[in-house]
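Below is one structure, written out as structure tokens; comments come after it.
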């Protein structure tokens, strides 16, 4: 099972900033993203790892250096058991696919979404702490799910043009 993953956090430091939301799409299984969100980071992590255990590929955008690293670090801090097979799962980071020779090039996921003619309706990730403080969980969820759709579209385009086999 291929799993498209995105998360939203309170900030960029996994040592001090918590995960607010993890959304994922099981390609071939789901008609919409599954969103794990709420006040309990422990619950989010435990439920997420239960799904990942069944995956044979993880797909994301800038996911190796941010999302995946954040998930692993927060799980370690919270004492959440990670399935044994997690580090052996194939990981397709679309940022690395699009920029295979230059990791310093500019280009955020929302910019790629717009370039692929997707409508971007939600705020950027910098708004997550404000939404968290206001307990605006639906806005956090909407942004995370929009990122999942953009990641899935970018993945599909990369497959169509031969960047991914």
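Only one of 83, 100 is part of a loop (DSSP other than H, G, I, E, B) and either without any contact (Cβ under 8 Å) to a residue 12 or more places away in the chain or within 15 Å of the chain's Cα centre (by Cα) (or both); which?
Working: 83 fails: either without any contact (Cβ under 8 Å) to a residue 12 or more places away in the chain or within 15 Å of the chain's Cα centre (by Cα) (or both).
Just a single option satisfies the conditions, and that option is 100.
Residue 3 versus (1) part of a helix (DSSP H, G or I); (2) in contact with a strand residue (DSSP E or B) (Cβ under 8 Å, 6 or more places away or on another chain): which is the lone unmet condition?
(1)
Restricting attention to the range 18-47, which residues are touching a helix residue (DSSP H, G or I) at 6+ places or on another chain (Cβ under 7 Å) and part of a helix (DSSP H, G or I)?
41, 42, 45
Quick check on the range 107-126. Is at least one of its residues part of a helix (DSSP H, G or I), at pLDDT below 95, out of contact with any helix residue (DSSP H, G or I) (no Cβ under 6 Å at 6 or more places or on another chain) and under 17 Å from residue 17 (Cβ atoms)?
yes
Would you tally the residues in the range 139-165 being exposed (fewer than 12 other Cβ atoms within 10 Å of the Cβ) and out of contact with any helix residue (DSSP H, G or I) (no Cβ under 9 Å at 6 or more places or on another chain)?
Residues meeting the conditions: 3.
For residue 23, are the conditions met, namely being touching a residue at least 40 places away in the same chain (Cβ under 8 Å) and either touching a strand residue (DSSP E or B) at 6+ places or on another chain (Cβ under 6 Å) or under 29 Å from residue 160 (Cβ atoms) (or both)? Reasoning before the result, please.
Numbers: touching a residue at least 40 places away in the same chain (Cβ under 8 Å): yes; either touching a strand residue (DSSP E or B) at 6+ places or on another chain (Cβ under 6 Å) or under 29 Å from residue 160 (Cβ atoms) (or both): yes.
It is true that residue 23 is touching a residue at least 40 places away in the same chain (Cβ under 8 Å) and either touching a strand residue (DSSP E or B) at 6+ places or on another chain (Cβ under 6 Å) or under 29 Å from residue 160 (Cβ atoms) (or both).
Can you name the residue in the range 55-69 that is touching a residue at least 40 places away in the same chain (Cβ under 8 Å), in a helix (DSSP H, G or I) and touching a strand residue (DSSP E or B) at 6+ places or on another chain (Cβ under 6 Å) and, of all such residues, is nearest to residue 9 (Cα to Cα)?
Within the range 55-69, the match that is nearest to residue 9 (Cα to Cα) is 67.
The values are calculated or read from the model by the stated rules, or taken from the named source; none is laboratory data. As the structure is a computational prediction, the values presented were derived from the model and not from experiment. Heads up, the Cβs are rebuilt from the backbone with ideal geometry, glycines too, and the neighbour counts pull from every protein chain shown.
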